[in-house]
1. Give a quick list of trypsin sites (Lys or Arg not before Pro) in the stretch 287-323 that DSSP marks as loop, anything other than H, G, I, E or B, with at most 16 other Cβ atoms within 10 Å.
2. Please give the FRET efficiency for Asp151 paired with Glu378, using the beta carbon to beta carbon distance and R0 = 41 Å, rounded to the nearest 0.05.
3. Apply the Karplus curve 6.51 cos²θ - 1.76 cosθ + 1.60, θ = phi - 60°, to the phi angles in the stretch 46-59 and return the couplings in whole Hz, x for Gly and Pro.
4. Suppose only helical runs count, i.e. DSSP H with n ≥ 4. What mean residue ellipticity at 222 nm does that imply for the chain under -39500 (n - 2.57) per run, divided by all residues and rounded to the nearest 500 deg cm²/dmol?
5. Magnitude of the Cβ-charge dipole of the chain, K/R +1 and D/E -1, about the Cα centre, nearest 20 debye?
6. For the stretch 74-129, state the average projected area of the convex hull of the C-alpha atoms over all orientations, rounded to one decimal in nm².
7. How big is the Rg/Rh ratio for the chain, C-alpha atoms only, Rh by Kirkwood, two decimals?
8. Ala94's amide H: which non-local residues (gap 5+, or another chain) put their own amide H closer than 5 Å, with H modeled 1.01 Å from N in plane and none for Pro or chain starts?
Amino acid sequence: MKVCVVVLGLVLGLVLTMCVARSPYQSVLQHSRIRGRQQGPNVCAMQQIKGTEKKYFTNCKQWYHRKVCGKPTVITYECCPGYERIPGEKGCPAALPLVNIYNTLGVVGASTTQMYSDRAELKDDLQGPGSFTFFAPSNAAWAALPTEILDALVSNVNIELLNALHYHMVNHRLTSEELKHGSSFTSMYQDFDVHVHHYSNGIVTVNCARLIKPDQHATNGIVHVVDRVITAISNNVNTFIDVDEDLETLRTAIAAAGLTTMLESEGQFTIFAPTNEAFEKMPQQTLNRILGDPVALRDLLNYHILKQMRCAESIVSGTPMETLQGTVLEVGCDGDHMTLNGKAIVTKTDQLGTNGVVHYINELLVPDSAKTLLELAEGSSVSTATRLFVQAGLSPQLGGSEALTLLVPLNEAFKDVSMSPDMKKLMTNHVLKERLSSKSLYDGQKLDTLGGISLRVFVYRNNLCIENVCIAAHDKTGRFATMFTVDKVLAPPTGTIMDVLKADDRFSLLVGAIQTAGMTELLHQQGALTFFAPTNDAFNALPRPELNQLLRDQQQLWAVLRSHVGEGVLVSGGVSSHTRVQPLQGDKLELGVRNYTVYVNKIPVTDADLMATNGVVHAVDNIVKPLPPKVDREQADGPAPPIGSAASSKVESRSFRDDDLFSKVIRSHTSRTMSRGQ
């Protein structure tokens, strides 16, 4: 048994090693084999983009999504590389007979290459001894060549056509496994290199031409059928940009940013090159500001450059690509075109240099790091706040170079969107006087606003809040300032808890009760408290005799009110599953959220986040009572039965007989207080 286990372990180890060592192309090919095996041996599933001749070995994601770069596909089944069908038998059971390269070209969809090889007097070489790799253009690749280029090649058969074909050849055998990403191989045309890239989605390219039928073995080498005719490259990407009139503005910007040397150096760059037209679409004021700011300009250009070479075929919709600027570009599709960040359309692809590739785009991509605050705030989700900032006269600060942090509420946070003196002051208090990162904020931190007040930071397990607002999205870090998108309009503290209660007519009975209980000083002094404040409706819901008894008994009133005051500041954004607050008196309060409403011991909070300098007030329309001990203490997530309802009376009569529930709560509070000597 032990021997078997050891052997099995060795076998599994070998299998795992093989899986780890397998190239992305081999992994995708294996997936295609698995998906095609029900059709018979050596059958591979292919995905063909509808309306085109483009076919791909299918990977797992494509198989389930039935899409390639967002375009719908149909499944076809073909013989895997190196196999062929036999009439009357299922699948592709027969291995292709090995013939020389010349004859192989005729059976793998490269008969045009075979014909031109004959014309260029290459036939003898392709039939003779030796070991070659031929990256053979498909018939469709030759047909796609512009007429003038094809005419130029075939009109000078012994020079241009021969040179072109030799550039597709390497004088030794190379399988797809040996075509490593970033590798180069010397061609048979004046020792010019061909550049190979092997990508994670299983695509293998040579000079950005995709291998559509790899590993077609021959007696004297190997054929890889490619989807375009490749041409020799001798200039780096900077030289390529230098000689193209459509990239004149980009060329000037690269020189001004000091990036010329980098783009002339050895490397594997991908440049999404904005055309002159793309620069012209930018607002002139914004463009002039960036062109005149070396730091912003460098960030702008680096945002268009990837750290590695990516041919168009390897760029898959939904894949983020990291740039030299440090952030990512999101790839999408728009019809037959690739898009970046849902905006810029790639109009021309795969312009090769010795150290990278250039793709043309028709829109300039501006990273956050090159934007002012006002530019950061431009967006559909915060358009209301942006307009109000401008109407409040804050454009100079938001468009300038001050180190600031902007708190920008989402559109749905606003109810009143008209400008007034109070609104202007409020919007000014959404601008903090220093540049911050949400990662550096800490609980209890004080932040000064342009409006002259101080705001507090509250850190919770599930949220990071500044007063009543909580950060709803990742920071946007601009050239000089930072933007925090927040879920609500800021409600700055307007006084102590006692001041907040006195200023609101809903709490007139509570204010009198606080004064009777001798708690006025507690709610005026500095501290950090959370008050679940009963409104007049909460007191009036009590039977009149009980209310009168409560308001006359200072000790009982003191105990009940302290059971509504929690230690620490808890705003509604900090409430999550199993949130508990320790009150000044009694058992912990249990909080939860349901349908955007906060509940405390199953009592709904009717108005949350009335901010005070020494805490926060949450209005409740019922007296908060301890949860019965036998009730499941999972997070409170719904309203309690109304006081005096039939359901409530039934519970009380069954559990406490003739005892009134509220009286029992008061006696409990009183006995605990007396036992503690308070």
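1. Numbers: sites: Arg289, Arg298, Lys307, Arg310; in loops: Lys307, Arg310.
For trypsin sites (Lys or Arg not before Pro) across the stretch 287-323 that sit outside H, G, I, E and B with at most 16 neighbouring Cβ atoms in 10 Å, the list reads Lys307.
2. Numbers: r = 51 Å, r/R0 = 1.23.
In this case the efficiency is close to 0.20.
3. Once rounded to whole Hz, the list reads 10, 10, 10, 5, 4, x, 9, 9, 6, 10, 9, 4, 8, 9.
4. On the way: 27 runs with 220 residues, N = 678.
That calculation yields -9000 deg cm²/dmol at 222 nm.
5. It works out to roughly 2720 debye.
6. Details: hull surface 20.6 nm².
It is 5.2 nm².
7. Values: Rg = 36.5 Å, Rh = 31.4 Å.
Across the chain, the Cα-based Rg/Rh ratio is 1.16.
8. The list, which skips near neighbours in sequence, is Glu84, Ile86.
The values are calculated or read from the model by the stated rules, or taken from the named source; none is laboratory data. This one's a predicted model, so the numbers in the text were calculated from it and none came from an experiment. For neighbour counting, all protein chains shown are included, and Cβ atoms are generated from backbone atoms with ideal geometry for every residue, glycine included. The area values use the complete protein model at the heavy-atom level, side chains included, leaving out ligands, DNA and RNA. Shrake-Rupley method; radii C 1.70, N 1.55, O 1.52, S 1.80 Å.
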